[in-house]
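Reviewing the structure listed below.
Bear in mind that the values in this text are calculations on the coordinates, not laboratory data. A quick note: this is a predicted structure, and the numbers were derived from the prediction, not measured. With ideal geometry, Cβ positions are generated from the backbone for all residues, glycine too; neighbour counts draw on all protein chains shown.
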Amino acid sequence: MLDATPTQLELRNALVINPAKTCQPIGAMYAALGIHGCMPHSHGSQGCCAYHRSQLTRHFKEPVVATTSSFTEGASVFGGLANLQQALVNIFAIYNPDIVAIHTTCLSEVIGDDIPTIIKKSREEGLIPEGKVVIHANTPSFVGSNVTGFSNMCIAIVNYLAEQTGEPTEKINVFPGWLDPSDMREIKRLATELGVVITLCPDTSDVLDLPQTGIYEMYPRGGTPLADIRRMGDAPRTIALGKFTAHPAAEALLEKCGVPYNALDAPIGLANTDLFLDALRKAAGVEVPSSIEAERGRLLDAISDMGQYFYGVPVAIYGDPDVVLGILRFTLELGMEPKYVFTGATGKAFETRAAQLLEEHSTSALVKSQADLFELHQRIKGDPVQLLIGNSHGKHIARAENIPLVRAGFPILDRVGHRLFPMVGYRGAMRLLEQISNALLDFQDRTCPEEKFELVQ
Amino acid sequence: MTAETLPPLSQGEVSEVRNVSPSALRQKMLEGLPAKTLRKRSKQIIENDPEKPPEIAANTRTIPGIITQRGCTYAGCKGVVMGPIPDILHLTHGPVGCGYYSWLTRRNLVKVPPGQPNFLQYCMTTDMQEDHIVFGGEKRLAEAIREAYRIFKPKAIAVYATCPVGLIGDDIHSVCKQAKEELGINVFGFSCEGYKGVSQSAGHHIANNGVFKHMVGLDDTPVEHPFKINILGEYNIGGDAWEIDALLRQCGIKVIATLSGDVTYDQIIRSHQADLNVVMCHRSINYMADMMEKKFGIPWIKINFLGAEATAKSLRKIATFFGDKALMERTEEVTAAGMALVRPVQAEMKAKHSGKKAALFVGGSRAHHYQHLFAEMGIETISAGYEFAHRDDYEGRRVLPNIKIDADSRNIEELEVEPDPVRFRPRISPEARAKLEAAGFSFSDYQGMMAEMKKRALVIDDISHYELETLIKTWKPDIIGSGIKDKFIIEKMGVPCKQLHSYDYGGPYAAFTGAVNFYQEIDRMLSSKVWNYVVPPWKKGTETQL
């Protein structure tokens, strides 16, 4: 397994091996699926759309529909106007969505297709039926990463759709960033428990975690309703959960409609959940109910019960930046020793925030953005860890180095739990805690000498 | 072909399913489509006639805005044909996505001998950034090749171009040529930009050309064996190639190279020494079969190891080609043992599943081949279609001279191949060949899918989401074979879907043991109780007594 990986690090300037990121459009497609009645549209060669749909499907085990401009050489030479216009005609005639969310690809970006102009022209020519909405985000694959694409689509949602009508609403905006549907559902549950009405945007619950009913619906009941998105500009406040995938859209809404926002990390772990609930409580002027405090207490109790198994355990965390930062904080709360904190995404902000969190806990780690899993593996070979936390792409390192892996983030291609249970909130932290302790204790049970094999732990 | 001589799969007619005729279903699929789309789709949805396969439009552009199964040229080249070779280092030149998505997502299993590298576990990309798009990416590619060589010391590096590379005009071939000279290893590039062609199919062709130009024939070290063949178009999904190889070995036949399933660079560069090429997936590799015949004189035949009967027939066909008595006897023994293994399971399956209906929408050969396995369980294929095949894969190679070459096909290079002045050697004398042909043995031929499907079965090329949904709602087949993007749509509608690209991480399904695996897997899926639980008891009116 990964036998060709040498321990010795060599400087690489041009070659990325086993990336810890992918390209922008998949993030844009995922974000668009969180709008009710939306058809994501990939403006480029049809392979992009096929790859993104396949990868999202493998992660969610759910239908993921999206259309494509199906570029061939002609479109690549003459521009994608005709393809996009024909696509719009077909999409509305055959699939009849309320909204089409177009994202670009490296192909259409290099050609320089001007999407707003094409949308305008299509509307003028009557190709977009009355009452239907078309928005777009530029998501060149050669800039940023999958999280940038998610964020760019969220910004597009705000810029195209959010309005300030002047008629105030009590609803608080919550921008969850790139989380799983199970996490979105948990955020809504927490808000309901607090008695706060929120607009969660985007919201992929009830879109990508559908019950088996024997009935297929192309546009299921989930997704943030367009009417709610439009009212986001009237909200008293936005709470944005994640520097890379939520804050930029909150900033756009501030600029467009003057809605102030709280810039928080993803609500993973104890403190991050505390901060989220505290912000939500203040924004809505409510009290945190005892039921939530009891959840918090149960999490804390589990941390204290199991503390001895976490303390000082060196861990490597890798994946998309917002999720990695959330998990980093939780591992610090558990008393673990994060050793490598890696993301493939671009951005000093990741390194700065990670350094801050580490410093708050009086420790340090090797923190890298724009890093790849090949380097992570080399580092681990040189100086090992006892646990890996990240997406499924770490399973080869886990096997090669005989280190347990807790799957978290995107993509998870080989396990089922993330589809069913959240990682956010106190309950999510309980699950993460259980996964981490099971991984460590299972490993110990499998490998320890017989005389040290314990019935009770 | 007359009705009496039709192969067993195509006997009978699909007149109605759930009281809806094929033409009524076809009509339903076409209803309400925008005019242009309607014109195009109506040529791609055809009622079959096995005796005289009607013309179907295939290998044409997917209409923008249609939810299609298809992928791109890069996926066909890097992902399908080249991707499975474990000791070549595969380097994608482009933004990160293309390399990332093709990283271990196709299920080409490999067993790498100890000490040998398995580069399939590594995704290598130049991860192009905006600067490289603006100022060109050739330098970065050259540097990436050097870095890859320094770390891994591979015997060969293959470079794959993605969409922007073609547009900005990076000359990957000259970069590769320079690297080849500098590093002293084989380095070659594929101009497989995603936008070329209309589907993965263009990528297969480009990959065939590259393998032929840069690998086949490089090593003349003799391969000593009386009966040596290559298997072309077998990708070892779920271990199929291993089953086939084991079977052939039992017969006494040596496989030099399987293109491309668990195959090494060294096997490929010696593959020109084979006596015969046998073609599994006609669509993806017929170019290679033709080129090897022209250059080296290796004849090719179409075979199929999916289905027990098809396996037996294919083994006999190969043995007949060699005409060796002992070989033919051994083949009969192997076949008899294989059939003895499958027959009781077939009987059991037929008793349970006869009369059930399947629909298959996949690939460039699988939608055809898997009909054999289903038929052996008593399951009838009522509709089928390919994702990226051409007319010859539907109607048979006899239509090749009549296929109109459009602008998209013209983009893909056709190599000019001449007989090798030294190494061209006809493997079979014209007399022997004529004799075999007179006895009904066909060389360089493929009859296509339609000749083996029932009359009026619906043949649908590049099926769209809407058509698939309409088909399920109307005909509700008992099982559908498709891919990952369709699987959960189909299953949400209460119909089990077998992924015939990844096998749902099962398999092997080829050869005799594979056939048994397949019957059992389909039996499991058809026997699943999960859909019986969809309606909760409180909605069934079966009231619980309190």
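Tabulated values for the structure
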quantity	calculated
Partner chain coverage, peptide A:77-86 - average Cβ within 10 angstrom	2
Stretch gain in nm, segment B:Ile168-B:Val530, where the contour uses 0.36 nm per residue and the Cα spacing is subtracted	125.1 nm
Table column - 3J(HN,Hα) (Hz), segment A:70-77, Karplus curve with 6.51, -1.76, 1.60, x for Gly and Pro	6, 5, 10, 4, x, 4, 5, 8
Order of B:Trp475, B:Trp538 - criterion: other Cβ atoms within 10 Å of each residue's Cβ, fewest first	B:Trp538, B:Trp475
Cα centroid separation, segment A:383-457 to segment A:195-225 (Å)	29 Å
Partner chain coverage, peptide A:135-145 - average Cβ within 10 angstrom	4
Ratio of the Cα radius of gyration of segment B:175-327 to 2.2 N^0.38 Å, where N counts its residues	1.09
Dmax and Rg, reported as Rg then Dmax, of chain B (C-alpha, Å)	23.9, 90
Segments A:43-54, B:415-426, A:220-231, A:113-124 sorted - mean Cβ within 10 Å per residue, highest first	A:43-54, A:220-231, A:113-124, B:415-426
Calculated from backbone phi, Karplus (6.51, -1.76, 1.60) coupling profile of segment B:429-437 in Hz, x at Gly/Pro	6, x, 5, 4, 5, 4, 5, 4, 5
Reach of B:Lys325 by Cα under 30 Å, taken over lysines that are not fewer than 8 positions away in the same chain	B:Lys228, B:Lys254, B:Lys294, B:Lys295, B:Lys302, B:Lys313, B:Lys317, B:Lys435
Where Cα atoms sit under 25 Å apart: lysine pairs in segment A:276-404 separated by 8 or more or lying on different chains	8
For segment B:110-255: relative contact order, % (alpha-carbon pairs under 8 angstrom, 6 or more apart)	16 percent
B:Gln499 long-range amide H proximity, modeled H, under 5 Å	B:Ser482, B:Asp504
Chain B: relative contact order in percent, alpha carbon pairs under 8 Å with at least 6 residues between	21 percent
Estimated Rh, segment A:291-456: Kirkwood, alpha-carbon pairs, angstrom	16.3 Å
Under-5 Å amide H pairs with A:Gly177, H placed in peptide plane, nonlocal only	A:Leu241
Euclidean distance of C-alpha centroids, segment B:12-74 and segment B:460-524, integer Å	19 Å
Per-residue average of Cβ from other chains inside 10 Å of B:118-126	5
Percent RCO, i.e. relative contact order, over chain A, from Cα pairs under 8 Å lying at least 6 residues apart	18 percent
Viscosity 1.306 mPa s, temperature 10 °C, Stokes-Einstein D of the protein assembly as shown from Kirkwood C-alpha radius, µm²/s	53 µm²/s
Dipole in debye (nearest 20) - segment A:24-143, about Cα centre, beta carbon charges: Lys, Arg +1; Asp, Glu -1	300 debye
Furthest towards positive pole of dipole, B:Ile379, A:Ser362, B:Gln200, structure part the protein assembly as shown, Cβ charges	B:Ile379
Which of B:Tyr122, A:Tyr309, B:Tyr509 has the fewest Cβ neighbours within 10 Å, and the rest in rising order	A:Tyr309, B:Tyr122, B:Tyr509
Reachable aspartates and glutamates from B:Lys485, criterion Cα separation under 14 angstrom, eight or more residues apart if same chain	A:Glu62, B:Glu387, B:Asp462, B:Glu469, B:Asp504
Part-to-part distance (alpha-carbon centres) for segment A:285-344 and segment B:281-351, which is given in Å	58 Å
Cα-based equivalent ellipsoid of chain A: semi-axis lengths in Å, sorted from largest, via gyration tensor	38, 27, 19
Sequence-distant residues sharing a close amide H with A:Val134 (under 5 Å, placed H)	A:Val100
Local electrostatic count, A:Glu287, Cβ distance below 12 Å [Lys/Arg +1, Asp/Glu -1]	-1
Cross-link partners of A:Lys171 among aspartates and glutamates (Cα-Cα below 17 Å; sequence separation of 8 or more within a chain)	A:Glu163, A:Glu193, A:Asp203, A:Asp228, A:Asp234, A:Asp278, A:Glu287
Nearest-20 debye value, the protein assembly as shown charge dipole, Cβ charges on Lys, Arg, Asp, Glu	1680 debye
Cβ-defined net charge surrounding B:Tyr509, 9 Å radius [Lys, Arg +1; Asp, Glu -1]	-3
Sorted by Cβ density within 10 Å, fewest first, the residues B:Ser429, B:Ser444	B:Ser429, B:Ser444
